[in-house]
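Report on one structure; see the data block that follows.
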Amino acid sequence: MTIKILKDLNCPIHLINHSKAVCMKALKLSSNFDVDIELVETGALLHDIGRSKTNGIDHAIAGAEILKNMGFPDSIANIALRHIGAGIPKEEAIQLGLPPQDYIPLTLEEKIVAHADNLTHWDKEVNLDFVIKKWNERLGEDHPSIKRIIKLHNEIVGSNTY
């Protein structure tokens, strides 16, 4: 059903394939935790639904709005809202032109989907080194989001690599 929603919203096939890959990675990461697997699966498949409206960073906000309007619970909408990187604190959100609030993943399910998205490039699984290199190139080596991604990685994957 969730894939049908993406198709009905005219999401391109590469986005649907990305969402499926994020879902597979999220389910793998979930195996180490006592979490709501259905929530992780649905949230992962729909995390980028906002890209049916915009490809900007605000796709997370658009996605949460779409999901709420479709009657999905806040637990699913919040996965879409808080999935970018390891989240965006209020101060950075303001700098990015987003509505002033925290977009940090709070629940374990939100964190798992956010990090599964980090560890998925298009429809391929990647490692933390790839992720850090990508964000260093986009934002600069000292950007605070990189430290948040490493912290999230250590929490979800359990390796203290950095």
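The values are calculated or read from the model by the stated rules, or taken from the named source; none is laboratory data. The shown structure was predicted, so the numbers you read here are calculated from the model rather than taken from an experiment. Here the Cβ is made from the backbone with ideal geometry for all residues, glycine too, and neighbour counts use every protein chain on show. The protein model used for the area step is the full one, side chains on, heavy atoms only, and it has no ligands, DNA or RNA in it. Shrake-Rupley method; radii C 1.70, N 1.55, O 1.52, S 1.80 Å.
Brief remarks on what is shown
- Subset of the stretch 86-121 that is polar (S, T, N, Q) and assigned to a loop (DSSP other than H, G, I, E, B) - its residue that is least open to solvent (accessible area, probe 1.4 Å): T107
- If you go through the stretch 127-152 and pick out every residue that is assigned to a helix (DSSP H, G or I) and out of contact with any Phe, Trp or Tyr (no Cβ under 8 Å at 6 or more places or on another chain), you end up with 15.
- S75 being hydroxyl-bearing (S, T, Y) and in a helix (DSSP H, G or I): yes
- Matching residues, the stretch 122-162, being open to solvent by less than 60 Å² (accessible area, probe 1.4 Å) and within 14 Å of the chain's Cα centre (by Cα): V131, S145, R148, I149, L152, H153, I156
- Enumeration of residues in the stretch 38-54 that are in a helix (DSSP H, G or I) and surrounded by 15 or more Cβ atoms within 10 Å (Cβ to Cβ): L39, V40, E41, T42, G43, A44, L45, L46, I49, G50, R51, S52
- Per-region count, the stretch 1-43, residues in contact (Cβ under 8 Å) with a residue 60 or more places away in the chain, within 18 Å of A77 (Cβ to Cβ) and in contact with a Ser or Thr (Cβ under 7 Å, 6 or more places away or on another chain): 3
- Hits in the stretch 90-103 - residues which are free of Cβ contacts under 8 Å to residues at least 40 places away in the same chain and either over 23 Å from K133 (Cα atoms) or within 16 Å of the chain's Cα centre (by Cα) (or both): K90, E91, A93, I94, G97, P99, P100, Q101, D102
- Residue in the stretch 9-28 that is farther than 17 Å from A80 by Cβ, in a loop (DSSP other than H, G, I, E, B) and either in contact with a Leu (Cβ under 9 Å, 6 or more places away or on another chain) or open to solvent by 100 Å² or more (accessible area, probe 1.4 Å) (or both) present: yes
- Selection of the stretch 55-80 for residues being exposed (fewer than 14 other Cβ atoms within 10 Å of the Cβ) and not hydrophobic (A, V, I, L, M, F, W, C) yields N55, N69, G71, P73, D74.
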